[in-house]
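None of the figures in this text is laboratory data; all of them are computed from the coordinates on show. Everything quoted here is computed from the prediction, not taken from an experiment. A quick note on method: Cβ atoms are made from the backbone with ideal geometry, for glycine too, and the neighbour counts reach across all protein chains shown.
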Amino acid sequence: MDFLKTVGGKIVGGLVSVIVIAAAIALWRMDPEVRSAWLGGTGKSLGWFALVGAAPWATFFLTTWVAKFENNLAGAALVVFYTAVEAVLLAWLFDWGISGATAWIFFAAAVMLALVYNILICDWIAERFGGA
């Protein structure tokens, strides 16, 4: 909390405020078609990230079942399965339209983020609830 009271904290707060205001003005000034596409893509992305966050928890019984095998290959197969399903879902949400370098970079980054999340959460669930 001390950082927020310093001059540096006030400068960072001011910069964040300017960025938020500029983004709001830019969104307000966009053509309706561009705004709709941008908000639609953002909504799809947020929904996908919510699903990625919930999937291991909603199916924790699979992780605990796989943990009973005490085999890293079984755990890796489960994580690869989760990530593959999530990657296909992401591509489907965007109408299989992953074309161009930028789209592939964002797609790969999102899938890698999902992979790391799945590894960490599945490992945590297996340690806490897997039991042997």
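Estimated at 0.36 nm per residue, the fully extended path between residue 71 and residue 105 surpasses their Cα-Cα distance by 9.0 nm.
Each peptide among 52-64, 96-108 gets the average number of other Cβ atoms lying within 10 Å of its residues, and from highest to lowest they stand as 52-64, 96-108. Label positions at residue 54 and residue 80, each projected 7 Å from the Cα along the C-beta direction, are separated by 2.8 nm. All other residues whose Cβ lies under 13 angstrom from that of residue 121 are scored, Lys and Arg at +1 and Asp and Glu at -1, for a net of -2.
Shown for the chain are the DSSP H helices of 30 Å or more along their axis, judged by Cα atoms, with a mean Kyte-Doolittle hydropathy of at least -1.0: 7-29, 32-58, 72-93, 101-125. As a rough guide to protection, the peptides 112-119, 42-49 ranked by mean Cβ packing within 10 Å, highest first, stand as 112-119, 42-49. Taking every C-alpha pair closer than 8 Å and separated by at least 6 residues, the mean separation divided by the residue count of the chain gives a relative contact order of 31 percent. With both labels modelled 7 Å from their Cα along Cα-to-Cβ, the residue 42 to residue 92 distance reads 2.6 nm.
For the chain, pairs of C-alpha atoms spaced more than 27 angstrom apart make up 45 percent of the total. When the chain is treated as a GNM with alpha-carbon contacts under 10 Å, the residue of 33, 70, 86 showing the greatest mean-square fluctuation is 33.
The listed peptides 8-15, 121-128, ordered by packing as a protection proxy, come out as 121-128, 8-15 (highest mean of other Cβ atoms within 10 Å first).
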